[in-house]
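Participant: Quick one: the structure is below, questions incoming.
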Amino acid sequence: MEPLFALLIGVLVGTGVFLLLSRTIIRVVLGLAFIAYGVNLAILTVAGLRPDAPPLLTLKGPYVDPLPQALVLTAIVIGFATTALLLTVALRAYQVAGHDDVEAFGDSLARDPDSPDGLHADASHLGPDEPTEAPTSTRRAPRRPA
Amino acid sequence: MGLMTAAVALPFLMAALCAALAGRLGRATGVLAALAFVPALLLASRTGGETLSETTRWVPDLGLNLVFRGDGFSLMFAVLIGVIGTLASLYSVTYLSDRERFGRFYPYLLAFGGSMLGLVLSDNLAALFAFWEMTSVTSFLLIGLWHTRSSARDGAVKAFLISALGGVALLAAVAMLGLAGGSAQLSQLDLDAVRASPLFVPALLLTVLAAATKSAQLPFHLWLPTAMEAPTPVSAFLHSATMVKAGVLLVAKFGLIFSVSPLWSGLLVPLGLATMVWGAWLALRQNDLKALLAYSTVSQLGLLVSLYGVADAEGRFAATTHLLNHAAFKAALFFVVGIIDHETGTRDVRRLSGLRRALPVTFVVAVLAALSMAGLPPLGGFLSKELFYETMWHQGPLFLAVAVAGGALTFAYSARLLRVFTGELSAPKVPHEAGAGLTVPAALLAGAALLMGLWPALTETLTRTAQEALAFASYGGHIRWWHGVTPALLGTLVTWALGAALVWQAPAAQRLQERLTPRWNANLSYVLILTLLNTLASRVTARTQGLALPDQLRLSLGASALIGGYAVWQAPQVLPRLGTVPLEALPVAALLVAGAVGVALSRNRLTAVVLTGLTGFGSAVSFLLMRAPDLALTQLLVETVTVILFLLVFRFLPGVRDLPRTRGRLGLDLLLSAAAAAGATLLVMASLRFLAPPISPYYLLNSYKEGGGKNVVNVILVDFRGFDTLGEITVVAVVALAVGALVRLGRPGQAPPEVDAEQLAAPAPRRKP
Amino acid sequence: MSGGRKGRAGKRPAARPGPAARPNALTDVGDPVLRVVSRAAFALVMLLTALLLWRGHNAPGGGFIAGLMTACALILHRVANGRCALNFPPLTVVPWGLALSFTTGLVPYLLGRAYLKSDYGYVSTPLTGEFEWATALLFDVGVYLIVAGSALHIAYELIDVNPRERVEDDR
């Protein structure tokens, strides 16, 4: 049974990578979810798939290996949390950027090396807990996607 | 809990308490804070006895224990920290303004006090390093306390960067010592093994680097003057009396290990003397009283480093005496400058004069402390300066000459400090004598400086408490007023003569200073290095990380594919036999493949999410096949919730259509996906061979006996590997908070757009399915 | 940021406002069948949850599964009825869960044993027969609270997303 699952894992991971390389942000999130499916199955598969009893001591042995199961259970829940976070990030990124094309995101990283860097902040900058006047000029109208 | 552990732990506990109560207590928090140092003060009762030792076990297997070792020197230092800490806390009560954030200031101060006490008392090398770094961090926070000033931020960053450099050096040094000496405890190192080890010289050099950064030796002295952006009580506590002496402490304690090498003295004595002279030279040209004191501290630290660097009984005796004297007079002077600043509103020497009438008590205190600093009788500074000259004379006449030059400059800047009290009264605002809250701490310290001068036997007794710990019990000399006509006495006389000349010819000296100002200084190099690093980092990031996300991923995946491909090419693959494919697995396989292919091709949101769910349910069924009922249940539920989340998000997202990939990239993506698929398959196949027996029988055998449960997976989760689960649920909780924050917050740094009433009133358009 | 807070307060007056106050989707669901079914299912699912949590130590189940199931039930309830069945924000149980899990671990540590070492025993009553207790159950309850609270919080936050920048159609 292991080689079959090895192939299935390959299909899942391959699909995940293909989705991950898409330009649409939601496909990137789906891609990560697919890679997670593949990896979860892989952890269980490499422990060996034998037709033994589940690791419940109320049943009669021999039992399958319980440790990878515990690891994967953790991984599933963490995977859920990451997917939720990524979904929210995708949503916010879309709302902020006005489009969902990841290739057009992130231009801000390639910043001007000679621009002010925050290490030598200007004196007029006030701390977050300093009483300040409400910002008036920076308010902008909501951007709507075309 | 032993007294030493309490002395270290209480400041941290009180820091939390002060943070909680500061809102209610206001400035009175300082009185509460002062209580935190009571156990440290009580340690005074233990000095002179045998060495104390207290161990709190943490991870014994890794040699990570909190071991406190109270030898004479450590206890002396701890009591010193306790005294100055108490006085600084009490002084702050009156000094700080009403608008100060007490809930920050006192916790930082106490956390520093606890770290510093931990640093001097710790015997464990790892803990020593940890406390060392904690003093750097707390110092950073205290320098940057008034973070709305850019100079405070710059000063904090500079101090932190430089002491972090030293921290890294110290980490490497203690790691080497631990490896070479075969113990994680300083007192149990095998010294012969350390000295024979090839790690000896690197460890020595790194220790010198660590000490030089922390104690502001050349060329790292530049952080100390800018650290004066901190409130004055902090300057008195951290940047004159305690933290900057951590490097001196390191030189003193590690000198017992390294002093066999001529390299140790050969590096430290010239370094210390050069720092002493250069610091005093720079102090003489300062107009800001606090900057003057900062450079004077640099100079005095150089003196201490050179004395401990000599690393013989005489040098250590002299250094320990001066350590005590310096703590007394320098903290007193900082308090005096604080009073002047508080009462007149300026610290500029040029704008102040004749303060002696307005501030008579402060004047007396300042005179006592400054004369002690200048090394005049009958004050403590005189006695230790004599010892200093004596030691340097034994090193050679040249050393004495440099020391005398430094001493003369010290004399001159002490006089410059006192100039604000003489002449006609002039100040930006009419000064009044400060209240007892400010003068008493200063007066106590000045009194101590006087007492140590008037009563040499007391000074000697205090110094000798450290004699066992620092191995100078054999030193036969004594602290006396009159040693006879010695080279040291001659040196003192020359110092006074030169110093008096400098004071007398002050304008000429000032012109000379201006002419000798070097074009280049350490601060410029610091700024240059920092700018270069920033530019380099930005350029590298822009070049390598500036790609669009998919291209960046293609780069990483391509690299992994190359490495993985090479591994496959090199390693002969032993594929297991195909085995039997059970019939019940085939529908699952079909489900998984159909889901995967379907999602990749789908252009419709609902289809995509349903197909993803299908794959998820497929893997849940696979878990059942793999005899994992817990996993199947969890996957099923997670899938349900995830699908719901996807649907919720899809209300606002524009679908899952695959935007056309740019030319050539589709082929590359297909290739990469195929490589990933092949890689995953091969990896799983290759991992099927067991190289070691599985560890899981332990869990099966002990699940019921140890954990009392029959569901082994659950017992592993909540008992055997409970710590992992704890970490995991913390992650889940943090993610929940992050999602909440992401949804609620507008764009960073920008107010969310106004929503007009019209939009609120109208029902939101709902999507038709 | 103060402007931001004001703006938000204007949009969301109370902690969890009723359906009338929020012009959002998922609130004005008017399907009576769904509502009735969900109410019946809700009670059943919550019972099942308690069972799963309780027996998790000896049979499939446990804090994760029970937590997720609770979250499912409550989300269904919210979708069907347009309001939350809880009268407190779900995030509030998360710190309690963390505290519970941490302290269950801390108690054996303070008694000088390994951190998180669990203890168990048996109580026999004539009514229930042999009855096992384990401190691990407390830990699991902590896990349950965190998973349920977090999943619910995430879902509720996503339900409440401000739809201001929503696109009308994208096909």
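Participant: Here is a list of conditions, (1) over 26 Å from the mean Cα position of the chain (by Cα); (2) open to solvent by 70 Å² or more (accessible area, probe 1.4 Å), and B:Ala28 meets all of them except one; can you say which number that is?
Facilitator: Failed condition: (2).
Participant: Can you tell which of B:Val361, B:Val365 is in contact (Cβ under 8 Å) with a residue 12 or more places away in the chain, assigned by TED's automatic domain parsing to the domain that holds B:Ala442, over 19 Å from B:His239 (Cβ atoms) and open to solvent by 30 Å² or more (accessible area, probe 1.4 Å)?
Facilitator: Among B:Val361, B:Val365, only B:Val361 is in contact (Cβ under 8 Å) with a residue 12 or more places away in the chain, assigned by TED's automatic domain parsing to the domain that holds B:Ala442, over 19 Å from B:His239 (Cβ atoms) and open to solvent by 30 Å² or more (accessible area, probe 1.4 Å).
Participant: Can you go through C:Val79, C:Val37 and tell me which one is of a type in the set (A, V, I, L, M, F, W, C) and more than 12 Å from chain B (Cβ to nearest Cβ)?
Facilitator: Every option except C:Val37 fails the conditions.
Participant: So which of B:Ala559, B:Ala542 ends up being within 30 Å of B:Lys158 (Cβ to Cβ) and outside the structural domain of B:Gly406 (by TED's automatic domain parsing)?
Facilitator: Within the list B:Ala559, B:Ala542, the selection yields B:Ala542.
Participant: Just the residues that are modelled with pLDDT of 85 or more and open to solvent by 30 Å² or more (accessible area, probe 1.4 Å), please, taken from region C:47-63.
Facilitator: Passing the criteria: C:Leu47, C:Leu48, C:Ala50, C:Leu51.
Participant: Counting only residues that are of a type in the set (Phe, Trp, Tyr), more than 7 Å from every other protein chain (Cβ to nearest Cβ) and surrounded by 19 or more Cβ atoms within 10 Å (Cβ to Cβ), give me the helices (runs of 4 or more DSSP H) lying completely in region B:588-703 with at least 1 of them.
Facilitator: Counting at least 1 such residues, we get B:605-625, B:629-650.
Participant: Looking only at residues in region B:209-235 that are of a type in the set (Val, Ile, Thr) and within 18 Å of the chain's Cα centre (by Cα), which one is nearest to B:Phe112 (Cα to Cα)?
Facilitator: The selected residue is B:Val234.
Participant: Of all the residues that make up region B:459-506, how many are outside any loop (DSSP other than H, G, I, E, B) and either touching a strand residue (DSSP E or B) at 6+ places or on another chain (Cβ under 7 Å) or over 30 Å from B:Arg416 (Cα atoms) (or both)?
Facilitator: Of the residues in region B:459-506, 5 are outside any loop (DSSP other than H, G, I, E, B) and either touching a strand residue (DSSP E or B) at 6+ places or on another chain (Cβ under 7 Å) or over 30 Å from B:Arg416 (Cα atoms) (or both).
Participant: Can you list the helices (runs of 4 or more DSSP H) found entirely within region B:20-97 that contain at least 1 residues being in contact with a strand residue (DSSP E or B) (Cβ under 9 Å, 6 or more places away or on another chain) and in contact (Cβ under 8 Å) with a residue 24 or more places away in the chain?
Facilitator: Correct list: B:72-95.
Participant: If you take the residues in region B:704-746 that are at the interface with chain C (Cβ under 7 Å from one of its Cβ atoms) and touching a residue at least 24 places away in the same chain (Cβ under 8 Å), which one is surrounded by the most Cβ atoms within 10 Å (Cβ to Cβ)?
Facilitator: The residue in question is B:Asn714.
Participant: Identify, please: which residue in region B:641-680 is modelled with pLDDT of 90 or more and polar (S, T, N, Q) and is, among those, farthest from the chain's Cα centre (by Cα)?
Facilitator: Applying the filter and picking the extreme gives B:Ser673.
Participant: Could you run through region B:122-149 and say how many residues are of a type in the set (Asp, Glu) and either outside any helix (DSSP H, G or I) or in contact (Cβ under 8 Å) with a residue 60 or more places away in the chain (or both)?
Facilitator: 1
Matching residues to (1) more than 7 Å from chain B (Cβ to nearest Cβ); (2) among the β-branched types (Val, Ile, Thr); (3) buried (at least 23 other Cβ atoms within 10 Å of the Cβ):
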| position | (1), (2), (3) |
| --- | --- |
| A:Gly14 | no, no, yes |
| A:Gly38 | no, no, yes |
| A:Leu57 | no, no, no |
| A:Tyr63 | no, no, no |
| A:Leu85 | no, no, no |
| A:Thr88 | no, yes, yes |
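Participant: Given region B:155-245, what helices (runs of 4 or more DSSP H) lie entirely inside it while holding 1 or more residues that are without any contact (Cβ under 8 Å) to a residue 60 or more places away in the chain?
Facilitator: Because the criterion is at least 1 residues that are without any contact (Cβ under 8 Å) to a residue 60 or more places away in the chain, the helices (runs of 4 or more DSSP H) in region B:155-245 that meet it are B:191-196, B:200-214.
Participant: Go through (1) farther than 26 Å from B:Asn65 by Cα; (2) touching an Asp or Glu at 6+ places or on another chain (Cβ under 7 Å) for B:Trp264 and report which single condition fails.
Facilitator: (2)
Participant: Let me ask something else about it. When you look at B:Ala311, is it free of Cβ contacts under 8 Å to residues at least 60 places away in the same chain, among the aliphatic types (A, V, I, L, M) and touching a helix residue (DSSP H, G or I) at 6+ places or on another chain (Cβ under 6 Å), yes or no?
Facilitator: So B:Ala311 passes the test.
Participant: Taking the options B:Gly407, B:Gly437, name whichever one is in a helix (DSSP H, G or I), in contact with a Ser or Thr (Cβ under 6 Å, 6 or more places away or on another chain) and under 18 Å from B:Leu301 (Cβ atoms).
Facilitator: Of the residues listed, the single one that is in a helix (DSSP H, G or I), in contact with a Ser or Thr (Cβ under 6 Å, 6 or more places away or on another chain) and under 18 Å from B:Leu301 (Cβ atoms) is B:Gly407.
The values are calculated or read from the model by the stated rules, or taken from the named source; none is laboratory data. A quick note: this is a predicted structure, and the numbers were derived from the prediction, not measured. Because the Cβ atoms are built from the backbone with ideal geometry, glycine has one as well, and the counts that use them run over all protein chains shown. Protein only, heavy atoms only, side chains kept; ligands, DNA and RNA dropped before computing areas. Shrake-Rupley method; radii C 1.70, N 1.55, O 1.52, S 1.80 Å.
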